[in-house]
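Asker: Below you will find the structure I want to go over with you.
Each reported figure results from applying straightforward, stated rules to the coordinates on display, with no laboratory input. Only a predicted model underlies this, so the values are computations on that prediction, with no experimental measurement involved. Don't worry about glycine lacking a Cβ; one is built from the backbone with ideal geometry, like all the others, and counts go over all protein chains shown.
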Amino acid sequence: MMAGFGHTTRKRPGSRGRTWSRSRPDRASLGIMSAVCAIAGFFVLGIILGPVAIACGWLAMGRSWAGARPAPALVALVLGVIDTVLALIWIAGTTTTNGMF
């Protein structure tokens with residue numbers, strides 16, 4: 001009798017019905033996390049949290065513009081872009097020399 005390589009013949013009740021990988025967050029969690037990063041980026045560390053919100057929002061949207069888009073992911077993507085642009089303008093404005101050098 002051969003049971004197979006690495007497979008047990010007895011069923012585990014905790015593994016039944018689970019078809020996704022638990023090693024990474026799902027799209028809904030990624031969308032909420034990116035929205036939080038985008039909103040927090042307006043107050044602190046916008047140059048870091050803006051691109052993080054863009055990347056997480058893009059991943060939460062499934063890396064495509066086609067199909068149904070989750071609202072938190074799209075809002076986070078747009079807010080992340082605005083946040084990044086504002087942070088770059090702020091950095092460009094503070095790097096004026098004022099004749100010191």
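Asker: At 7 Å along the Cα-to-beta-carbon direction for both residue 86 and residue 43, put a label point, then send me their distance in nm to one decimal.
Answerer: Distance between the two pseudo-spin positions: 1.3 nm.
Asker: Related question: With a point put 7 Å past each Cα toward its Cβ, work out how far residue 65 is from residue 27 in nm, to one decimal.
Answerer: For residue 65 paired with residue 27, the spin-label model returns 1.7 nm.
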